[in-house]
Structures are given as structure tokens and as C-alpha cells.
Amino acid sequence: SSSGLTEEASQAFAVAFREAVDNAARHGNKSNEKRYIDVQYLVDREKVTIAVQDEGEGFDTEIYLSRGVSGNPIEAARERNQAGGHGGLGIMLMLKCVDKIEYNYVGNKITLTRYIRKS
């Protein structure tokens, strides 16, 4: 509440954060309860940043980020499902909820940033 984000921006950021943690638990840590998820956050005058890191092997983030930015989310999810995969909408959802998404090189840490809009 003290971040300076509007109620709508705060709710959108919370949606992205929950998706990042869910992805870390299910995909990164393979639902292994013995693996940890590290969460770090920073609130300053310009932005709110949350980093979520799992203990998994990571993944090729560029493929999913490029689909999320330029692709059709429904078609991407359909193609993934037809190829035997599941999901495919989480990154696209997060891209709609925050201003910036960054992954580390390995692909097991995501950093979500939402800038505070001054009136």
C-alpha cells in the first residue's frame, strides 16, 4: 500500500507475482516440496521489483518471451497443447501485468518490474 502503485496496478502486479511463484513451484522445482523458492523485493520511488528464483534447471526464456510479446496467446497455447505440452499463457499474462520482465541466463530466476506513475 505504501508503494505508490494504483489499486489496479497493484492487483495486476500481484497476479504476475502469483504466476511467477506458481511457475517456480510447478515447472522449476517440479512440485518438489524439498526445493526452495527465493523471493526478493525492492520498493523505491520509481518502481516496485520482485525477483523469484527456483532451484530448477531453467529453460530457454527467449522463445517464450518472443511469443508473449509478438504472438497470439491463444494460438501459442493451442500449438503447445497439440505438441503434448501444457500451459503457455503464464508469461503472456505476466507481460500484460507488469512493465518489464527479465530472466537470468539460466532461466530459473524472473524479475518483475512495475513503474510508479506520478500524477
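The values are calculated or read from the model by the stated rules, or taken from the named source; none is laboratory data. The shown structure was predicted, so the numbers you read here are calculated from the model rather than taken from an experiment. Cβ sites come from the backbone with ideal geometry, for glycine too, and all protein chains shown count toward neighbours. For the accessible areas, the whole protein counts, side chains as well, though only heavy atoms, and no ligand, DNA or RNA atoms are used. Shrake-Rupley method; radii C 1.70, N 1.55, O 1.52, S 1.80 Å.
Points to keep in mind about this one:
- Shape call, the stretch 1-66: gyration tensor on alpha carbons, a/c limit 1.5: prolate
- The helix-based estimate of mean residue ellipticity at 222 nm for the chain, built from -39,500 (n - 2.57) per DSSP H run of four or more residues and divided by its residue count, is -11500 deg cm²/dmol to the nearest 500.
- Each other residue within a Cβ distance under 12 Å of Val106 adds +1 if Lys or Arg and -1 if Asp or Glu, for a net charge of -3.
- What the chain shows is 68 Å² of accessible area per residue, with the surface traced by a 1.4 Å probe over protein heavy atoms.
- Cβ crowding within 10 Å averaged over residues, with 107-116, 35-44 ranked highest first: 107-116, 35-44
- Per-residue 3J(HN,Hα) values for the stretch 94-106, derived from phi via the Karplus relation 6.51 cos²θ - 1.76 cosθ + 1.60 with θ = phi - 60°, read 4, 4, 6, 9, 10, 8, 8, 10, 10, 10, 6, 4, 5 Hz in sequence order (x marks Gly and Pro).
- Each residue of the stretch 20-32 was assigned a 3J(HN,Hα) from its phi angle through the Karplus curve 6.51 cos²θ - 1.76 cosθ + 1.60 (θ = phi - 60°); the sequence is 5, 5, 4, 4, 4, 5, 7, 8, x, 8, 6, 6, 7 Hz, with glycine and proline shown as x.
- Under Karplus coefficients 6.51, -1.76 and 1.60, residue-wise ³J(HN,Hα) of the stretch 10-17 in Hz, glycine/proline x: 5, 5, 5, 5, 5, 4, 4, 4
- Phe59 long-range amide H proximity, modeled H, under 5 Å: Gly107, Asn108
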